[in-house]
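Input: a single structure, listed below in structure tokens.
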Amino acid sequence: MAAPSPLSRPSLIATDLDGTLLRGDDTVSARSLAALAEAARAGARHLVVTGRPAPRVRPLLAALGGTGLAVCAQGAQVYDAATGTLLWSVRLDRELAETALGKIEAEVGQVHAAADQDGVDGLTLVESGYRMPHPTLPAVRVERREQLWRAPISKVLLRHDRLSDDELAATARSVVGSLATVTMSGPGTVELQPCGITKATGLALAAEHLGLGRADAVAFGDMPNDIPMFQWAAHGVAMAGAHPELKAVADEVTLSNEDDGVAVVLERLFTP
């Protein structure tokens, strides 16, 4: 699937970070930066839409020169880089999170969990046995699970010693029900977030704040958590290495994040 985009000049560009705009070393290539700059000169707005919480996005926004909005924590946060504040934030109820974890462990045995605290300075707390999917991201290890709930949280991250991400996510969805929304956002990253919250809810709020709509938007992603964003935007672009579930709903597939797949599409759309 490599059809040309129906959006000749989108005014809203929504990009996931990991596996999409970022390379494996957590950097953005010079080519991608140049393509985003060209789009900005043409009047387009770029929104980062990521599973990472706001505190883990702030350094990346600085590297991108971003002073606008970013959708963080799987859509649970809309962060304003210009003021360093959250314009919108939805917390995951800690009692519901603990109940959901109990239901999942009743089905699959022990899982290892982490929690992202809410707020622009929130910590990522990690219980024993949980391995961070991105070793470069800071985390604070706790001795007991109840310490994960010591402050308000935006989401919970899960890993299992034996089950694949797809298997863990499918089981979690089957037992969690309305306690939380279950997403899979990357290798080793199955997450619980507030019920009904997705990247699409956060993106829609940020777009409305900017006076833009779905008809103006092109979205880039690589994992199933990007599906709601693709369904919201006028055009969805999956990376070459994207999860099959996302490719199935994408309007086109570009090159990988290592091969500047985002830049390839933006150059097509915005190069005079």
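Between Thr99 and Ala40, the simple label model (points 7 Å from Cα in the Cβ direction) yields a spacing of 4.5 nm.
The apolar share of the surface of the stretch 7-143, taken as the fraction of accessible area on carbon and sulfur atoms (1.4 Å probe, ligands and nucleic acids excluded), comes to 49 percent.
The charge dipole of the chain, taken about the Cα centre with unit charges on the Cβ atoms of Lys, Arg (+1) and Asp, Glu (-1), comes to about 400 debye, rounded to the nearest 20. Phi angles of the stretch 141-149 translate, via the Karplus equation with coefficients 6.51, -1.76, 1.60 and θ = phi - 60°, into HN-Hα couplings of 7, 10, 7, 10, 4, 4, 6, 5, 9 Hz per residue; Gly and Pro are given as x. Using every Cα-Cα pair within the chain, state what percent have a distance larger than 31 Å. For the chain, the share of Cα pairs beyond 31 Å comes to 22 percent. Separation of the stretch 192-250 from the stretch 125-146 is 28 Å, based on Cα centroids.
Could you work out the local net charge near Asn225, counting Lys and Arg as +1, Asp and Glu as -1, over the other residues with Cβ closer than 15 Å to its Cβ?
Neighbour charge sum, excluding Asn225 itself: -4.
Label 7 Å along Cα→Cβ of Ser128; the stretch 157-175 residues with amide nitrogen under 18 Å? Backbone N within reach: 159-161.
Here the stretch 46-124 and the stretch 149-177 have alpha carbon centers that stand 15 Å from each other.
Just the projected area, averaged over all directions, of the convex hull on the alpha carbon atoms of the stretch 94-193: how many nm²? Numbers along the way, then the final one.
Working: hull surface 23.3 nm².
Its Cα hull, projected and averaged over all orientations, spans 5.8 nm².
If you roll a 1.4 Å probe over the heavy atoms of the protein chains, what accessible area per residue do you get for the stretch 94-193, in Å²? Per-residue value: 45 Å².
Seen against the Cα atoms of the chain and their longest principal axis, helix 30-41 is set at about 70 degrees. Shape index of the stretch 34-183: Rg/Rh, with Rg the Cα radius of gyration and Rh the Kirkwood radius from the inverse mean 1/r over Cα pairs, equals 1.02. Oblate is the label for the stretch 9-80, because a/c, from the alpha-carbon gyration tensor with a ≥ b ≥ c as root eigenvalues, is 1.5 or above and a/b does not exceed b/c.
Once you have a ≥ b ≥ c as the square roots of the Cα gyration tensor eigenvalues for the stretch 222-269, tell me rounded if a/c is under 1.5, and otherwise prolate or oblate according to whether a/b is larger than b/c. Note, shape of the stretch 222-269 comes out oblate. Of the residues Ser185, Ala238, Ala44, the one whose Cα sits farthest towards the positive end of the charge dipole of the chain is Ala44 (charges of +1 on Lys and Arg Cβ, -1 on Asp and Glu Cβ, taken about the Cα centre).
Spin-label pair Asp166-His209: with each label point 7 Å from Cα along the Cα-Cβ axis, the two points sit 3.6 nm from one another.
Where the only charges are on Cβ atoms (+1 Lys, Arg; -1 Asp, Glu), what is the dipole of the stretch 94-193 about its Cα centre, to the nearest 20 debye?
On the way: 11 positive and 15 negative charges, 21 e Å.
In debye, rounded to 20, the stretch 94-193 gives about 100.
Starting from the Cα-Cα distance between Ser8 and Glu252, subtract it from 0.36 nm times their residue separation and give me the gain in nm to one decimal.
Values: separation 244, 0.36 × 244 = 87.84 nm, distance 1.45 nm.
So the extension gain works out to 86.4 nm.
The values are calculated or read from the model by the stated rules, or taken from the named source; none is laboratory data. These numbers were taken from a predicted model, which means no experiment stands behind them. Neighbour counts are summed over all protein chains in view; Cβ atoms, including those assigned to glycine, are modelled from backbone coordinates with ideal geometry. When the accessible area is computed, the model is the full protein with side chains, heavy atoms only, and any ligands, DNA or RNA have been set aside. Shrake-Rupley method; radii C 1.70, N 1.55, O 1.52, S 1.80 Å.
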